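The block underneath contains the structure these notes are about, expressed in structure tokens.
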């Protein structure tokens, strides 16, 4: 197997490289779930080599008049073991909440427009291969019928297992054009 571009003669040349793993864009008809899975094959996109994962999304769902939130679950775990805290605001009011649920929110863009307003987010998952609970942090913004909405969401997945699968849902189908790009962050190995 040839070395990936960020490794020269067996030496990592970029100390904090983001490596593109995969991009999924909904095309044709809408879809309910976006899934990313580690190939577990020793390739340059095998998740076992990464310290963190970062998901960048730009998406909209078919929901109208309600909350259209993207959320993630790891390794098909749907149990209520994702404690969280979040804060969001729309220019008129602000909301903070905490609790435990069966998912990790990535973004929220409620509205009444048809189609549902678009939202974007950067969702970072830390220490994905460690033997400890996994922490994640999302920063998001959305249109919300022109009023705007921004927020931050922090959560922990109460599992010591390595993350090897991410399922992303919104409760409604994602509209065509919704795009999700997953990146791996290599551990810092050079000065």
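Observations
- Extended-chain gain in nm, criterion 0.36 nm per residue less alpha-carbon gap, residue 127 and residue 48: 27.4 nm
- Of 50, 183, the sequence from fewest to most neighbouring Cβ atoms within 10 angstrom is 183, 50.
- The percentage of C-alpha pairs in the stretch 7-185 whose separation is greater than 19 Å is 57%.
- For the pair residue 158 and residue 76, the difference between a 0.36 nm per residue extended length and the Cα-Cα distance amounts to 28.2 nm.
- Ordered by the number of other Cβ atoms lying within 10 Å of each residue's own Cβ, fewest first, 106, 21 fall into the sequence 21, 106.
- Estimated distance in nm for a label pair at residue 22 and residue 181, the labels positioned 7 Å out from Cα along Cα-to-Cβ: 1.7 nm
Here, each number is a calculation from the coordinates, and none is a lab measurement. Treat the numbers as computed from the prediction; the structure is a model and nothing was measured. No Cβ is skipped: glycine too gets one built from the backbone with ideal geometry, and neighbour counts run over all protein chains shown.
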